[in-house]
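Engineer: My questions will all concern the structure given below.
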Amino acid sequence: MTILSGALIWQANALAYVDKNVAVVRILNKAAGKTQMVNLPVGQHTEFEKLAITVKSCKQTDPFQAENFFAFVEISKNSEGKIFSGWMNANEPGENPVQNADYDVWLVKCE
């Protein structure tokens, strides 16, 4: 009698991502009532008004999948220190935007 051991075959449905060099974000200055698109190079520290922003990574989903962008961003404000550190998702801006008393920040895309 032959007994087959149960084998678990697992196929990863891993998503492929394309690394990009620039994160495009929209910043709302609430006091001025204006929004501005800002290009942030990955790995560089960028100053914008009272904000210091560093994009650690910016990724696009596989071009053969539905388009989406993700960025890991750290943002500090002069008077408050770090106000955000985490992933932003361009297709779900409500999940993790920076919501500060003076500024809101959303990821638009990666280039």
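Engineer: Grab the other residues whose beta carbon is less than 13 angstrom from that of Ala90, score K and R as +1, D and E as -1, and report the net.
Structural biologist: My count for the surroundings of Ala90 gives 0.
Engineer: Relative contact order of the chain, please, whole-number percent, based on alpha carbon pairs below 8 angstrom and at least 6 residues apart.
Structural biologist: For the chain, the relative contact order is 27 percent.
Engineer: Check cross-link reach from Lys77 to the aspartates and glutamates: straight Cα distance under 16 Å, and skip same-chain residues fewer than eight apart.
Structural biologist: The qualifying aspartates and glutamates are Glu47, Glu49, Asp102, Asp104.
Engineer: Based on DSSP loop calls and a cut-off of at most 15 other Cβ atoms within 10 Å, the longest stretch of the chain free of exposed trypsin sites (Lys or Arg not before Pro) is what?
Structural biologist: Longest stretch, sites excluded: 51-111.
Engineer: As I understand it, the dipole of the stretch 16-56 uses +1 on the Cβ of Lys and Arg and -1 on the Cβ of Asp and Glu, about the Cα centre. Which of Thr46, Val18, Leu28 lies farthest toward its positive end?
Structural biologist: Farthest towards the positive pole: Leu28.
Engineer: Please list, or write none, the aspartates and glutamates whose alpha carbon is within less than 17 Å of the alpha carbon of Lys109, excluding same-chain residues fewer than 8 places away.
Structural biologist: Asp19, Asp62, Glu67, Glu74, Glu92, Glu95
Engineer: If Lys and Arg each add +1 and Asp and Glu each add -1, what is the summed charge of the other residues whose beta carbon sits under 13 Å from the beta carbon of Asn39?
Structural biologist: +2
Engineer: Among Gly86, Gly43, Gly33, determine the one that fluctuates most according to a GNM of the chain built with springs between C-alpha atoms less than 10 Å apart.
Structural biologist: Greatest mean-square fluctuation among the candidates belongs to Gly33.
Engineer: Something else: To the nearest whole percent, what portion of all C-alpha pairs in the chain is separated by more than 21 angstrom?
Structural biologist: Pairs farther apart than 21 Å: 42 percent.
Engineer: Shifting gears a bit: Round to the nearest 0.05 the FRET efficiency obtained for Asp62 and Trp87 when R0 = 22 Å and r is the Cβ-Cβ distance.
Structural biologist: 0.80
We did not get these values from a lab; they are worked out from the coordinates using the rules stated. As the structure is a computational prediction, the values presented were derived from the model and not from experiment. Every residue, glycine among them, receives a Cβ derived from its backbone with ideal geometry; neighbour counts consider all protein chains shown.
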